[in-house]
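To start, the structure under review is shown below, and the notes come after it.
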Amino acid sequence: MPVGANPACYNFAMQTIIHPTINDDMVITTIAENGYVVIDHYLSTSVVTALANIAKTRFSTQEMTRAGVGKNAQAHDSIRGDSIYWLDENSADDAVQHYFSKVHSLRALLNQQLFMGLTSIETHLAVYTVGATYQKHLDQFSLTQANQLNTRKISTILYLNENWLPEHGGELRLYISETESVDILPLGGRLVLFLSADFWHEVLPASRERLSLTGWFRTRELQSF
Ligand code: OGA
Ligand code: MN
């Protein structure tokens, strides 16, 4: 069963899905122990709908760009099929402001409790058309590629899809060990956090347009290698 088809039934002891009444301590403990956490109902339906509408509008007015892959950032349909739009933290839009205030609180919490030294977040809306995928990858590139990307410490994905059903597919497949993966449905309002350096992941094809808001909490310094 894909994780998230019915969160209330999911085995909490496995720490894969957290009940909507999740609190800060659970987020911190789960990240510290497992390196990832799934939080449902992270934002209200009205904010999620407003963010989804921004994504749909930017897509239909062709203000989105095909996402690039690797150093030369050229679009490769076979590797990555989404179109993206980078969000501006200074946007006057209420829903965008609400999103940034929530994720900055989360950033402060991670810094206080886990001393992560996260200084900023960069974030983009993404639209995957029917059948589009993002093949298995890490959000940090290898050291020989672009060192600055290694300032990405935590990946965060907020899903913006209303009434998403398991048969729509489009799961985030997160590889949690050498032999295990979990499939996380892109349910509206669901936030997934994971350590960018540690988790390979991929996006499976969906039978519906799939909307998300993907961000990375970053540290300021370049890593020394
Ligand atoms: C990404 C990514 C996963 C998702 O944008 O790097 O892996 O579920 N997205 O949208
Ligand atoms: Mn990714």
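The values are calculated or read from the model by the stated rules, or taken from the named source; none is laboratory data. All figures in this text were calculated on a predicted structure; none of them were measured in a lab. All Cβ positions, even for glycine, are placed from backbone atoms using ideal geometry, and neighbour counts span all protein chains on display.
What residue, among those in region 23-39 that are surrounded by fewer than 18 Cβ atoms within 10 Å (Cβ to Cβ) and not in a helix (DSSP H, G or I), is modelled with the lowest pLDDT?
Narrowing region 23-39 to residues surrounded by fewer than 18 Cβ atoms within 10 Å (Cβ to Cβ): 23-26, 28-29, 32-35.
Adding the requirement that they be not in a helix (DSSP H, G or I) leaves 23, 35.
Numbers: ASN23: 78, GLY35: 92.
Out of the qualifying residues, it is ASN23.
So which residues in region 174-225 are away from ligand 1 (no atom under 11 Å from the Cβ), farther than 23 Å from LEU118 by Cβ and of a type in the set (Asp, Glu), if there are any at all?
Hits for region 174-225 are GLU178, GLU180, GLU209.
Taking ALA73 as the residue in question, decide whether it is modelled with pLDDT under 95, over 28 Å from THR49 (Cα atoms) and either under 19 Å from the mean Cα position of the chain (by Cα) or loosely packed, with under 14 Cβ neighbours inside 10 Å (or both).
Here the answer is yes, as ALA73 does meet what is asked.
Considering region 79-124 alone, what residues qualify as being of a type in the set (Val, Ile, Thr) and over 16 Å from the mean Cα position of the chain (by Cα)?
The answer is ILE79, THR119.
Could you grab the pairs with beta carbons closer than 9 Å, sequence gap of 6+ or different chains, first residue in region 54-68 and in contact (Cβ under 8 Å) with a residue 24 or more places away in the chain, second one assigned to a helix (DSSP H, G or I)?
These pairs meet every condition: ILE54/ALA95; ILE54/VAL96; MET64/ALA55; MET64/ARG58.
Any idea how many residues of region 203-215 are crowded, with 21+ Cβ neighbours inside 10 Å, of a type in the set (A, V, I, L, M, F, W, C) and within 14 Å of ligand 2 (Cβ to nearest atom)?
2
Among the residues of region 181-202 satisfying the criterion of being away from ligand 2 (no atom under 14 Å from the Cβ) and in a loop (DSSP other than H, G, I, E, B), which is nearest to the chain's Cα centre (by Cα)?
ARG190
Out of curiosity, is GLU167 modelled with pLDDT of 95 or more and more than 14 Å from ligand 1 (Cβ to nearest atom)? Can you show your working first?
Working: modelled with pLDDT of 95 or more: yes; more than 14 Å from ligand 1 (Cβ to nearest atom): yes.
So GLU167 fits the description; yes.
Let me spell it out: the conditions are (1) modelled with pLDDT under 85; (2) in a loop (DSSP other than H, G, I, E, B), and ALA8 meets all of them except one. Which number is the exception?
For ALA8, the failing item is (2).
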